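Presented below is the structure to which this report refers.
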Amino acid sequence: IDIVSLREVMEGLVGIVQPQVRAKKLRFDIRIHDILAERVYSDNVRLNQVLLNLLSNALKFTPLGGSVAVSLYQERSPLGDGHVRTHIHVKDTGIGMTEEFQKRIYDSFSREPNARVHRIEGTGLGMAITKYIVDEMKGTIELRSKPDRGSEFHITLDMERVDMQEEDMVLPDWSILVVDDDGDLRALLKTALERDGHQVSLLDRGGAVSEAHCRWADCILLDVMMPGED
């Protein structure tokens with residue numbers, strides 16, 4: 001068991017998958033919110049293996065120009081204040097799965113009998129290993145998928161908190177302009193920033209940023225890649 005920084009885990013994932021994301025011109029989003037304990041006790045190697053298995057499948061089975069998103073958030077654990085329930089979602093817009101295949105996806109060597117799947121390399125062991133690890137960590141894994149409508153895996157883990165005081169980074173009360181075409185991400189940022197005492201204004205495209213916005217804002221958070229402009 002290790003002391004694991006969930007922030008560092010997510011940063012590591014981004015670094016590993018970026019070459020595949022760029023090669024397939026995918027939209028890749030990571031959304032982290034409602035974090036009650038960034039540092040937890042967990043098996044770092046196994047946790048990373050689970051996330052990489054799910055993410056590598058999502059990237060493999062999502063066609064050019066599609067999207068993959070990872071969400072991480074927490075809530076109070078039924079095990080008490082010494083633990084925190086951590087939810088991880090891996091969602092894609094890939095080829096999806098039939099109901100029949102979903103019933104046996106965690107069997108060893110199981111692969112969808114589909115011409116598009118057979119063109120993609122893989123042993124068929126990844127999901128069996130993933131399910132085994134999640135079970136060993138006393139967690140759950142759920143799947144929602146439809147053919148040609150993508151897939152979403154949801155992992156739930158009750159993790160023990162690391163009992164250590166962390167010094168909060170405190171920003172001054174700023175006026176912050178958020179520019180992003182993703183409405184869900186805009187809403188998450190607005191909620192988090194206003195909770196910390198900032199004034200927030202939202203825009204859905206870079207071309208809408210005016211001189212007045214620039215004079216008003218102490219800080220601008222601008223999405224690096226938006227449709228038609230970057």
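The values are calculated or read from the model by the stated rules, or taken from the named source; none is laboratory data. It should be emphasised that the depicted structure is a prediction, and the values quoted were computed from it without experimental measurement. When we count neighbours, we look across all protein chains shown, and the Cβ atoms used for this are built from the backbone with ideal geometry, even at glycine. Note: areas computed on protein heavy atoms with side chains; ligands, DNA, RNA excluded. Shrake-Rupley method; radii C 1.70, N 1.55, O 1.52, S 1.80 Å.
Quick notes on this structure:
- So Ala37, is it farther than 23 Å from Gly96 by Cα and open to solvent by less than 50 Å² (accessible area, probe 1.4 Å): yes
- Tabulated pairs, the stretch 74-86, first over 11 Å from Thr156 (Cα atoms), second part of a strand (DSSP E or B) and open to solvent by 50 Å² or more (accessible area, probe 1.4 Å), C-beta under 7 angstrom, 6+ apart or interchain: Arg76/Arg85; Gly82/Glu160; Gly82/Arg161; His83/Glu160; His83/Arg161
- Qualifying strands (runs of 3 or more DSSP E) (wholly inside the stretch 131-230; at least 3 residues being farther than 30 Å from Met97 by Cβ): 175-179, 199-203, 219-222
- Condition met for Gln49 (over 13 Å from the mean Cα position of the chain (by Cα), closer than 16 Å to Thr156 by Cα and open to solvent by 50 Å² or more (accessible area, probe 1.4 Å)): yes
- Leu203 within 22 Å of the chain's Cα centre (by Cα) and at pLDDT 90 or above: no
- In the stretch 1-13, of all residues being open to solvent by 50 Å² or more (accessible area, probe 1.4 Å) and either modelled with pLDDT of 90 or more or assigned to a strand (DSSP E or B) (or both), the one that is nearest to Tyr73 (Cα to Cα) corresponds to Arg7.
- Pick from the stretch 180-197, criterion of a type outside the set (Lys, Arg) and in contact with an Asp or Glu (Cβ under 6 Å, 6 or more places away or on another chain), ranking: farthest from Leu36 (Cα to Cα): Asp181
- Filter pass, Gly96 being modelled with pLDDT under 85, surrounded by 14 or more Cβ atoms within 10 Å (Cβ to Cβ) and not in a helix (DSSP H, G or I): no
- Test: residue in the stretch 168-179 that is open to solvent by 50 Å² or more (accessible area, probe 1.4 Å), of a type in the set (Phe, Trp, Tyr), in contact (Cβ under 8 Å) with a residue 24 or more places away in the chain and at negative phi: yes
- Residue pairs whose Cβ atoms lie under 6 Å apart, sitting 6 or more positions apart in sequence or on different chains, and linking a residue in the stretch 1-29 that is within 26 Å of Met226 (Cα to Cα) and free of Cβ contacts under 8 Å to residues at least 60 places away in the same chain to a partner that is assigned to a strand (DSSP E or B) and among the aliphatic types (A, V, I, L, M), are Leu26/Val68; Phe28/Val68.
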